[in-house]
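Beneath this line is the structure, given in structure tokens, with notes to follow.
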Amino acid sequence: TGITAELLEPDKAQELCLTTSEALALGELGVQLERMFSGPRDIEWAISKGKIYLLQARPITCLDSWSDFELLHEFDGPIITDTELLTTANVGEVFPGAITPLSQSITLRSTDLAPRQGLPYRPGYYYGSSVVTSSYHGMINILNTMLRSVGTEIQLADKVIDLAIYGHLVTSMEYFKLAIERNGSLNSLGKISLVLKTLKDIILKGRVVRRAKKLTSEFVLHYDSHNTAKSLYSYISKNLSTLAKVAECHGYTSRVGLFTQIVAITVLAEGNEELTADHYHDVGLLLSSCSEIVSAEIPIALEQLLTVNSSLVIGSKAAAFCKVVPSKAFEWLLKIVLLLLLNSTISSINTAIAVSRSLN
């Protein structure tokens, strides 16, 4: 094998295998190799008769490997301070899981710009993102959105915003202090200006809704005609202006809807700053009386689907349906419907044949 093993005397086994001059020569060789290859090297060497022979030199791959933290936060948005407040509330319903790089650079970017156009102007020396990426998830920057225009104390309107965004009360005076430190407090003139702007938005909301419907009906993205990712990406880039308009309409209607909730709950609270169980009950009755709510159509559609499917997946098929993977449920139901239609057609044909024979 080319390897010879020799037993050393105990005294020699305790000695260093390299002399001082040999160690210095190896160190000099390592520095020279690092300069030549522009990085540290993993080398194998041998010394014979005072000469150093370089047998192998390769890069140390583990030095360039990414840590789990770096991989998790690679595409994170910029964080201004250590006390930044981020939440997945509201935006997590639209982006429930990890967001792809394409969606981060396009869809999430449009979602970030839309609310900025409707927020009060605040001069500053940094870019205050409204929606950022953190751990591959879309998150709302609370200090730059919900707490961008606050007073010195928590008001009923702030609590209503909490209910609309989070579903429960979240904002505390600690958050308020952080918001005031960054954005300042809103004086009486600023509050009046904000209300007037919102009233203007309410008056013009019909125009915005019509524009959104027009965009929805006219825009068609022919993605099937592209065979390469580059051409599809270029086609998407050319239509980004439409996405920006849609995001603007969404932000506009969301602001108007939130303001109407603030007004309604303020009236129901009858001057009380603290919301009680009775107030929540009144709000529930009010919302249940609303019609033509897009979000409310989803549970209604699911209920109708359940009613229809209850007659399809009966008996032994019900147990089989419960074992179907959710991603395959639609295909499974489609097969059942087609099978029922086929059986119904065959039954109709047999009935027609029987009637024909009886007439003959």
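The values are calculated or read from the model by the stated rules, or taken from the named source; none is laboratory data. Treat the numbers as computed from the prediction; the structure is a model and nothing was measured. Note that we place each Cβ from the backbone using ideal geometry, even for glycine, and neighbour counts take in every protein chain shown.
Pick from V31, V91: which is surrounded by 14 or more Cβ atoms within 10 Å (Cβ to Cβ) and either on the phi < 0 side of the Ramachandran plot or touching a Gly at 6+ places or on another chain (Cβ under 6 Å) (or both)? Give the steps one after another, and end with the answer.
Working: V31 fails: surrounded by 14 or more Cβ atoms within 10 Å (Cβ to Cβ).
Testing whether each residue is surrounded by 14 or more Cβ atoms within 10 Å (Cβ to Cβ) and either on the phi < 0 side of the Ramachandran plot or touching a Gly at 6+ places or on another chain (Cβ under 6 Å) (or both) leaves just V91.
Enumerate the pairs (first residue in the stretch 226-247 and free of Cβ contacts under 8 Å to residues at least 60 places away in the same chain; second residue anywhere and outside any helix (DSSP H, G or I)) with beta-carbon separation below 7 Å, excluding pairs fewer than 6 apart on the same chain, so at least 6 apart or on different chains.
So the pair list comes out as L232/H226; Y235/H226; N239/L221; T242/F219.
May I ask you to list pairs of residues, at least six apart or on different chains, whose Cβ atoms are under 9 Å apart, with the first in the stretch 197-215 being closer than 12 Å to C249 by Cβ and not assigned by TED's automatic domain parsing to the domain that holds T242 and the second being among the hydrophobic types (A, V, I, L, M, F, W, C) and assigned to a helix (DSSP H, G or I)?
none
Select from the stretch 219-238 the residues that are loosely packed, with under 11 Cβ neighbours inside 10 Å and modelled with pLDDT of 80 or more and list them in ascending order.
S225, N227, T228, A229, K230, S237, K238
Can you pull out every residue in the stretch 126-136 that is crowded, with 17+ Cβ neighbours inside 10 Å and at pLDDT 85 or above?
V131, V132, T133, S134, Y136
Tell me the helices (runs of 4 or more DSSP H) entirely within the stretch 1-118 that contain at least 1 residues that are in contact (Cβ under 8 Å) with a residue 24 or more places away in the chain and either within 13 Å of G138 (Cα to Cα) or aromatic (F, W, Y) (or both).
91-94, 101-105, 107-118
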